[in-house]
1. Among (1) surrounded by fewer than 23 Cβ atoms within 10 Å (Cβ to Cβ); (2) modelled with pLDDT of 95 or more; (3) touching a Ser or Thr at 6+ places or on another chain (Cβ under 9 Å); (4) outside any loop (DSSP other than H, G, I, E, B), where does GLY251 come up short?
2. Can you tell me which residue within region 199-230, out of those that are aliphatic (A, V, I, L, M) and over 23 Å from ASP258 (Cα atoms), is modelled with the highest pLDDT?
3. Go through (1) out of contact with any Phe, Trp or Tyr (no Cβ under 9 Å at 6 or more places or on another chain); (2) at pLDDT below 95 and name the single condition LEU288 misses.
4. Could you grab me the full set of residues in region 136-189 that are outside any helix (DSSP H, G or I), closer than 28 Å to ILE115 by Cα and hydroxyl-bearing (Ser, Thr, Tyr)?
5. Looking at (1) out of contact with any strand residue (DSSP E or B) (no Cβ under 8 Å at 6 or more places or on another chain); (2) in contact (Cβ under 8 Å) with a residue 40 or more places away in the chain; (3) farther than 30 Å from ALA247 by Cβ; (4) surrounded by 15 or more Cβ atoms within 10 Å (Cβ to Cβ), which is the only condition SER114 fails?
6. Of the residues ALA247, ALA171, only one is free of Cβ contacts under 8 Å to residues at least 60 places away in the same chain and over 23 Å from ALA306 (Cβ atoms); which?
7. Tell me yes or no: at least one residue of region 303-315 is in a helix (DSSP H, G or I) and either polar (S, T, N, Q) or on the phi > 0 side of the Ramachandran plot (or both).
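The values are calculated or read from the model by the stated rules, or taken from the named source; none is laboratory data. Small disclaimer: the values here were computed from a predicted structure and weren't measured. All Cβ positions, even for glycine, are placed from backbone atoms using ideal geometry, and neighbour counts span all protein chains on display.
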Amino acid sequence: MPSQKPVALVVGASRGIGRQVAIDLAKNGYAVVVAAKSITDPSKLPSNTPDPKSAASTVTTVAREIASAGGEATPIQVDVRSEESVNALVAKTIAKYNRLDVVVYNSGAIWWASIADTPLKRFQLMQRVNPEGLYAVVQAALPHLYRAPQGGRIVVVSPPIYSRFFRGKAAYAMGKVGMSVLTKGLAMDFEREGRKNMAITSIWPAVAIESAATERFTTLNPSEAADLRKPTIFSDAILAILRSPAARVNGELLLDEDFLRDECGVTDFSKYSVVPGAVPRRIMPARLPDLTVAEQDDEGKRVDSAAAAAAAARSKL
């Protein structure tokens, strides 16, 4: 039988932001599949909850946290660089719950440096984990999201598209912006296909968030913690996106703070500060460019390579 709860698959949920998103989805009535590369042998689980920013936090420990709090969670290991591993992840999700309502893609590889200082292998790893991993998960999940009772939703951790984002990290930006392009493109597919109850949305932090990535910087300079927010701001924003009408969020590239302010009326963000009383520095522009353009009356002939290939195959029969 299908799960009576909506089912959310959180990819990249072993620690940091992804862990918090998985925990808060479970608190809000979702059965959660906690997916990432890192797992723990159940016979060797630590007695205490590990530091959520450490390597000791895995899909196994996060699923136990959720279950201990009365939620429902299933840990599944996945390597998003492998199509076979991604397909197996989605197949196991459906075998367990017989439905899939939400996908949150939080997996990410990061290397912030100039192009000259970014080795090709680092570049390739980022592309495989960031845009290619997202693409694989979306393709595997779509047939099941189409059947979601209330309409399938996808949330992608990727940024608005603007020039300053490329500075000092072009190799990383190429993949992350590619993920935002996928968000825009799939949203257009949904619209063209008349899937009015489906939506894909990108979200990015307006202020740096406490995570395994930012831990490196605060270890070297503890005072930088004053410029960090707790990952709960991100999970609160994602929950608000999922509660919004599909048409409102489909294809949007959102910032967590701005969406919570504009759509949920949040004005006091102090509870999210890692250092009580601190006012963290905003890392994103106050205003972002509008990517839409004035269309011509005639957009030209639409080319569909898949349809052309299918027609060519039929002609050979």
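1. It is condition (4) that GLY251 fails.
2. Within region 199-230, the match that is modelled with the highest pLDDT is ALA212.
3. (1)
4. Those that are outside any helix (DSSP H, G or I), closer than 28 Å to ILE115 by Cα and hydroxyl-bearing (Ser, Thr, Tyr): SER158, TYR162.
5. Every condition holds for SER114 apart from (4).
6. Details: ALA171 fails: free of Cβ contacts under 8 Å to residues at least 60 places away in the same chain.
It is ALA247.
7. yes
Per-residue answers, yes or no, for (1) in contact (Cβ under 8 Å) with a residue 12 or more places away in the chain; (2) within 28 Å of ALA208 (Cβ to Cβ); (3) touching a helix residue (DSSP H, G or I) at 6+ places or on another chain (Cβ under 6 Å):
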residue: GLN20; (1), (2), (3): yes, yes, yes
residue: ALA26; (1), (2), (3): yes, yes, yes
residue: ALA63; (1), (2), (3): yes, yes, no
residue: GLN77; (1), (2), (3): yes, no, no
residue: VAL90; (1), (2), (3): yes, no, yes
